[in-house]
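J.: Pasting a structure below so you can have a look.
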Amino acid sequence: MSNTPLLVIYTGGTLGMLPSDTGLVPGHDFEARLRGALKTLPPARQASLPEFEVLEYPDPIDSSAATPADWQRLARDIAGRYADPQKRYAGFLVLHGTDTLAWTASSLAFQLQGLDRAVVVTGSQLPLEAGGSDALGNIEAALRFATLPGLQEVAVCFAGKLMRGVHTRKWHTHAFDGFTSPNYPLLGEMVDTAPVLYPSRGLDSQQRGLPRFELPDYSALDDTAVVRIALWPGVSARLLAAWLLDDSVQGALLEVWGSGNIPEDPEILGVLAQATGEGKLLAAISQCPHGSVSIGTYAAGSGLLDAGVLSGDAMTPEAAMTKLVHLVAQPLSDAEKRQRFVVALAGEL
Ligand code: ASP
């Protein structure tokens, strides 16, 4: 075993699932199953795989059950081993369910800022042992990317594509090519069986003087600390107030129209202004999957500015929500939270 192996962390997800009477459920003994499956690869491909150790969570989950506390556990497990003086891991690979994979990848990026090696997250649409599964291919590709010294950030590897974690979204319920990065180009791709990184797109060329991990206690947050509201035609101030003015709410993501528009309704704007006036962190992104918001282009959006709502630019909902969670969990002043929301912490803007 090399003294700089990768660390593979198995958290659950379809990739490790087994059939049960009620449908697929997270399976155990994943290391043995994975090592057995890798032995089915052609000998030359087996021989060129990096060495790895496996940390298998004893309680693997369907990622639809994940909470901020799960993001926190994962980041702390990686951070603890990252700094281990006895052993240097060359990189980290997180095996995760696809349903909330983009959320976990985004959250990890905010908690593990300034990585000097890779944290790659992958999953699959079919279980490892299912006929024609994409699991082994995704894991093989992710292992190869995770060992590249030029990859120094949280990335998602899926169907041969390598995407910045904080720009990734699940885009198809069952197609193998199930993830997309709507507003940032691919970081790399598998070409045959070789991982190819595209230089200049990676965070390694953009971050200096790091790492600076931030591991706030997400589990201390109330489960309503940050809410997500997609506006709909006819949305009422009364319903918005019920969520935004609730005492336990500290932040909210508003998914507004087009380039940053909402109804020009004084009552709605009043609720937003009251919420931000109470120190709540409110941000807006577009319901369009592509492009950024540019609040104030239309009169119909300028009220957002007056109400103190921040621009989420072209962030994905997953990135914007996990960033809000990350900021409200920290003992920062309201001004610091607002300032940090609008600057890039992990390549998300
Ligand atoms: N429900 C599964 C999960 O997210 C779906 C998958 O992994 O593809 O854990």
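The values are calculated or read from the model by the stated rules, or taken from the named source; none is laboratory data. A quick note: this is a predicted structure, and the numbers were derived from the prediction, not measured. Glycine also receives a Cβ, built like all others from the backbone with ideal geometry; neighbour counts cover every protein chain displayed. Ligands, DNA and RNA are stripped out before the accessible areas are found, and what is left, the full protein with its side chains, is counted by its heavy atoms. Shrake-Rupley method; radii C 1.70, N 1.55, O 1.52, S 1.80 Å.
J.: Quick check: Cα centre of segment 33-99 to Cα centre of segment 273-349, how many Å?
T.: 32
J.: Can I ask one more? To the nearest 10 degrees, how steeply does helix 266-277 sit against the main Cα axis of the chain, on a 0 to 90 scale?
T.: 60
J.: What does the charge add up to near ALA299, with Lys and Arg as +1, Asp and Glu as -1, over the other residues with Cβ less than 15 Å from its Cβ?
T.: Residues close to ALA299 contribute a combined charge of -3.
J.: For ASP313, enumerate residues with amide H under 5 Å from its amide H, sequence gap 5+ or separate chain, H modeled in the peptide plane.
T.: Answer set, sorted by chain and number: VAL293.
J.: Size of the dipole of segment 60-213 about the Cα centre, Lys and Arg at +1 and Asp and Glu at -1 on the beta carbon, nothing else charged, in debye to 20?
T.: 580
J.: Let me ask something additional. Using a 1.4 Å probe on the protein heavy atoms, what percent of the accessible area of the chain belongs to carbon and sulfur?
T.: Answer for the chain is 54 percent, counting heavy atoms of protein chains only.
J.: If you don't mind, another one. Please sort 100-107, 327-334 by packing, taking for each peptide the average over its residues of neighbouring beta carbons within 10 angstrom, highest first.
T.: Top of the packing list down: 100-107, 327-334.
J.: With all protein chains present and a 1.4 Å probe, how do ARG144, ARG212 order by accessible area, largest first?
T.: The residues order as ARG212, ARG144, largest area first.
J.: Continuing with the same structure: Which of GLN250, GLN206, GLN86 moves the most in a Gaussian network model of the chain with Cα springs under 10 Å?
T.: GLN86
J.: May I pose another question? To the nearest 20 Debye, how big is the dipole of segment 302-349 about its Cα centre, given +1 on the beta carbon of each Lys and Arg and -1 on that of each Asp and Glu?
T.: My answer is approximately 100 debye.
J.: For segment 180-192, in order, what is each residue's ³J(HN,Hα) by Karplus, 6.51 cos²θ - 1.76 cosθ + 1.60 with θ = phi - 60°, in whole Hz (x at glycine and Pro)?
T.: After applying 6.51 cos²θ - 1.76 cosθ + 1.60, I find 9, 10, x, 10, 8, x, 4, 7, x, 8, 7, 10, 6 Hz.
J.: Find how much the distance from THR40 to GLU214 grows on full extension, using 0.36 nm per residue of separation minus their present alpha carbon separation; answer in nm with one decimal.
T.: That works out to 58.6 nm of additional length.
J.: Per residue, how many Å² of accessible area does segment 1-123 show with a 1.4 Å probe?
T.: 40
J.: How much accessible area per residue does segment 134-262 have, in Å², with a 1.4 Å probe?
T.: 43
J.: Now for a different question. Heavy atoms of the protein only, probe of 1.4 Å, neighbouring chains included. What is the accessible area of ARG33 in Å², nearest 10?
T.: 40
J.: Sum up the charges of everything whose Cβ sits under 11 Å from the Cβ of SER181, counting Lys and Arg as +1 and Asp and Glu as -1, but leave SER181 out.
T.: Result for the local shell: +4.
J.: Using a 10 Å cut-off on Cβ atoms, rank the peptides 56-68, 281-293 from the highest mean neighbour count down.
T.: Ranked by mean Cβ neighbours within 10 Å, highest first: 281-293, 56-68.
J.: Would you mind checking the tilt of helix 317-328 against the longest principal axis of the Cα atoms of the chain, expressed as 0 to 90 degrees and rounded to 10?
T.: 70
J.: What ranking of LEU269, LEU38 comes out by heavy-atom accessible area, probe 1.4 Å, highest first?
T.: Sorted by accessible area, descending: LEU269, LEU38.
J.: If you don't mind, there's one more thing I want to ask. Just to check, using Stokes-Einstein with a Kirkwood Rh over alpha carbon pairs, what's the diffusion coefficient of the chain at 10 °C and 1.306 mPa s in µm²/s?
T.: Approximately 76 µm²/s, per Stokes-Einstein.
J.: Roughly how many whole Å is it from the C-alpha centroid of segment 239-263 to that of segment 173-213?
T.: If we compute the Cα centre of each part, the gap is 31 Å.
J.: Under 8 Å for C-alpha pairs, at least 6 residues apart: give me the relative contact order for the chain, rounded to a whole percent.
T.: Normalised by residue count, the contact order of the chain is 15 percent.
J.: If you bin the C-alpha pair distances of segment 277-349 every 10 Å from 0, what whole percents do you get?
T.: It works out to 19, 52, 26, 2, in whole percents.
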